4 protein chains.
Amino acid sequence: MREERRGELLATAAEVFAAQGYNATTVRQIADAAGMLAGSLYYHFASKEAMVDEILTAFLDELWAGYDAVLAAGLGPRETIEALVTESFREIDRHHAAVAIYQKEARHLADRHPRFGYLADARRRFARAWLGTLERGVADGVFRTDLDIRLTYRFVRDTVWVAASWYRPGARHSPEEIARQYLSMVLDGIALRD
Amino acid sequence: MREERRGELLATAAEVFAAQGYNATTVRQIADAAGMLAGSLYYHFASKEAMVDEILTAFLDELWAGYDAVLAAGLGPRETIEALVTESFREIDRHHAAVAIYQKEARHLADRHPRFGYLADARRRFARAWLGTLERGVADGVFRTDLDIRLTYRFVRDTVWVAASWYRPGARHSPEEIARQYLSMVLDGIALRD
Amino acid sequence: MREERRGELLATAAEVFAAQGYNATTVRQIADAAGMLAGSLYYHFASKEAMVDEILTAFLDELWAGYDAVLAAGLGPRETIEALVTESFREIDRHHAAVAIYQKEARHLADRHPRFGYLADARRRFARAWLGTLERGVADGVFRTDLDIRLTYRFVRDTVWVAASWYRPGARHSPEEIARQYLSMVLDGIALRD
Amino acid sequence: MREERRGELLATAAEVFAAQGYNATTVRQIADAAGMLAGSLYYHFASKEAMVDEILTAFLDELWAGYDAVLAAGLGPRETIEALVTESFREIDRHHAAVAIYQKEARHLADRHPRFGYLADARRRFARAWLGTLERGVADGVFRTDLDIRLTYRFVRDTVWVAASWYRPGARHSPEEIARQYLSMVLDGIALRD
DNA sequence: GATGAATGAGGATTCATTCAT
DNA sequence: GATGAATGAATCCTCATTCAT
């Protein structure tokens, strides 16, 4: 069916984009990886840009579905952070190529074409979700009060998402296990308590 | 003097590379930013590749000078980590463009041309410095023993370097202050102790 | 019936060719206008070229049938010109798309492929019909003698055919009425004064 | 000098566009005719579109300079028509390629890109200049009253401009001589008989 | 008769690089 | 040291055409 083929092609394209970077990837490389000629891709997609667009949109849609479920669950701040981190690692597991692309190219794409305006929106929505939870946690006395909250936000956010650059699905640890260890480090630190 | 001009041009180039990505930056954009024509750059540099090369080499040379001094100082594991992190934020402050380029392009460049083999070396040398210290700390009972050490390494490493993507010199916090807060989070976590 | 479908498709194609130009028209645009997919057209026609070919051939065949009848009628030069002009406007009315295509593309197509040699033939045959009649009129003292006859020929010819570029069937004036007015302008100019 | 080279290249491009049509002309053909490689043209011009744009703009600017001088001269309707026609043939003589391009491509270009909006403007301005003069002539009793004035307008306009499709500079007749004969044909047709 | 998917030959455009002046 | 002009390879994309189903 049409949709299946598109999906396969997008998965292939995402892999190549993630490995080489969007700009450095040629349409021909994608086509080679898909076993067709470069021109043939244009039967399925309007442009190279349309391909990343679809890849990123699909990923963000799924991500927000997960995040929204967490945020709507009425958990405490610490539990919310735990759930968001776990959900994030699950997304990295399922969409690792899309996540890597998002990490490397989002800024560049966003200020290159209005079509990618939703990437800037996503950035803002992220900030609201994480920052809001952190602030709530500080107010509730669950998180430390002596830290710059924006620094903390960036620390937590980047720490999680950067993992997409080295994580490969099927690796030693499951996403849940990685999430558990990351959370342990972020929440309690790596220094041994006395 | 000849050397000064080169230095200015490299600083300009680094800024543009960092802002737009190496591939997406055209030689003409660099020339524009430097107030000359594209062809004129070739009086100073052999190629676009030679420019990134010099930028990254200069940065890494300085970085290793700092790291080596720390590693040779005979500090304990925790103090070594603290010193490496502080040194890293100082480099981000002084060479933020070069650091950003290194973060975004190192893998890609290393794959692409043997000339950039030293980037892969640097990666390995990093791993040795950080991982070694962490292992020493675990052995000494300074760091937790219940964590996957490679995960911890990546966590600490990424946590620091990713900052280059948003850090701008002259910002609210000094590099030392940022280092202090990061270390506090990494070592002790963000959760409030009871 | 097979022939009817072909005819409809050709009419559609002619409309699109006339509106956008032969080169600028894609097979897909024709197919869209006909409510089918691009590939499906190839069941009916061998190629895009074959389509224009058939469109132009059909038009020219009909045109020559009309012209030949006029030329065989043994009219005087003035009456022959009147009849040719009237016949021409009738063709513009019935085949306005084909006429527009002929006007815009004939030279280009004739240069490009021997298959369109008949377009150059048509040009020569036109010249013979009109020029011959004009020369006869000059000799008979019906038309002015002080004009360059080739210039006159082009004037009359262009004057008529260029109308295809703006004429739309079903407009205010019937083709006969337009012919009458055009003839009035043209003839009272080139006709010898008393 | 820079401007001279551009001018030469534009003249070359205009010739090729006129001969083959804008769409059917490849950038390589222009480059071949100019004795350079296709890519080299882009040092001088931003795009193929920019080339036609400049060609048409230069032509129209000159044309309107001539027309405006005529229209401002305060001549009677008949003399105005004579002057406009003569001016037009002079433009055809000097810019025959640009005129041919304008004739064949104006409509197509105008509704393809807003950049060519000035072509539609030109069309309207033409209509005002010619139609206005004709109406004045009808009112003054200089031109016939029994003709559809819009038909007359198209007749005069097309009759003149279509000449660009066959006129080659340096031909048997000077532009002034052609204008004289055309006017003789046209005027003695539409002028009121005594 | 028609569809969906692909082919493959261009075509416009970009850009690092060269080099005479 | 810098400029202007050009090169040529690579890139994205278009489109007529084919063909199995």
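Annotations for the structure displayed:
- Residue count for region D:135-154, restricted to those that are in contact (Cβ under 8 Å) with a residue 24 or more places away in the chain and either within 12 Å of chain C (Cβ to nearest Cβ) or of a type in the set (S, T, N, Q) (or both): 6.
- Per this entry, A:PHE89 is counted among residues that are closer than 19 Å to A:ALA164 by Cβ, within 14 Å of chain B (Cβ to nearest Cβ), part of a helix (DSSP H, G or I) and under 17 Å from the mean Cα position of the chain (by Cα).
- Selected residue [within 11 Å of chain D (Cβ to nearest Cβ), surrounded by fewer than 20 Cβ atoms within 10 Å (Cβ to Cβ) and at pLDDT 90 or above] from C:ARG193, C:ARG180: C:ARG180
- Pair list, Cβ under 7 Å, 6 or more apart: region B:169-183 residue within 9 Å of B:PHE89 (Cβ to Cβ), other residue hydroxyl-bearing (Ser, Thr, Tyr): B:GLU176/B:THR86; B:ALA179/B:THR86; B:TYR182/B:THR159
- Residue in region C:100-109 that is more than 16 Å from DNA strand F (Cβ to nearest atom) and touching a His at 6+ places or on another chain (Cβ under 7 Å) present: no
- Residue satisfying all of: in region C:117-129; within 14 Å of chain D (Cβ to nearest Cβ) and of a type in the set (A, V, I, L, M, F, W, C); farthest from the chain's Cα centre (by Cα) among these: C:ALA127
- Criterion: away from DNA strand E (no atom under 16 Å from the Cβ) and within 14 Å of chain D (Cβ to nearest Cβ) - qualifying residue of C:ARG107, C:ARG112: C:ARG107
- Taking every residue in region B:38-52 that is more than 14 Å from every other protein chain (Cβ to nearest Cβ) and in a helix (DSSP H, G or I) and pairing it with any residue that is β-branched (Val, Ile, Thr) and more than 11 Å from DNA strand F (Cβ to nearest atom), at least 6 positions away or on another chain, the pairs with Cβ-Cβ distances below 7 Å are B:LEU41/B:ILE30.
- Residue ID - nearest to DNA strand F (Cβ to nearest atom), chosen from residues in region D:18-31 that are outside any loop (DSSP other than H, G, I, E, B) and within 12 Å of chain C (Cβ to nearest Cβ): D:GLN20
- Taken as a whole, the condition of being more than 14 Å from chain A (Cβ to nearest Cβ) and either in contact with a strand residue (DSSP E or B) (Cβ under 7 Å, 6 or more places away or on another chain) or of a type in the set (S, T, N, Q) (or both) applies to B:THR57.
- Residue, nearest to C:PRO114 (Cα to Cα), within region C:32-58, restricted to residues that are more than 8 Å from DNA strand F (Cβ to nearest atom) and among the small types (Gly, Ala, Ser): C:ALA58
- In region B:131-146, the residues that are surrounded by fewer than 15 Cβ atoms within 10 Å (Cβ to Cβ) and within 8 Å of A:LEU192 (Cβ to Cβ): B:GLY141, B:THR145
- Set D:LEU63, D:LEU56: member being under 22 Å from D:ARG123 (Cα atoms), without any contact (Cβ under 8 Å) to a residue 60 or more places away in the chain and surrounded by 14 or more Cβ atoms within 10 Å (Cβ to Cβ): D:LEU63
- Residue in region A:164-176 that is part of a helix (DSSP H, G or I), modelled with pLDDT under 90, within 14 Å of the chain's Cα centre (by Cα) and within 7 Å of chain B (Cβ to nearest Cβ) present: no
- In region B:129-155, the residues that are of a type in the set (S, T, N, Q) and in a helix (DSSP H, G or I): B:THR133, B:THR152
- Taking region C:73-105 as the range and being of a type in the set (Ser, Thr, Tyr) and in contact with a Ser or Thr (Cβ under 6 Å, 6 or more places away or on another chain) as the test, only C:THR80 passes.
- Subset of region B:7-51 that is surrounded by fewer than 14 Cβ atoms within 10 Å (Cβ to Cβ) and away from DNA strand E (no atom under 13 Å from the Cβ) - its residue that is farthest from B:ALA100 (Cα to Cα): B:GLY35
The values are calculated or read from the model by the stated rules, or taken from the named source; none is laboratory data. This is a predicted model, so every value here is computed, not measured. As a convention, Cβ positions derive from the backbone with ideal geometry for all residues, glycine included, and neighbour counts pool all protein chains shown.
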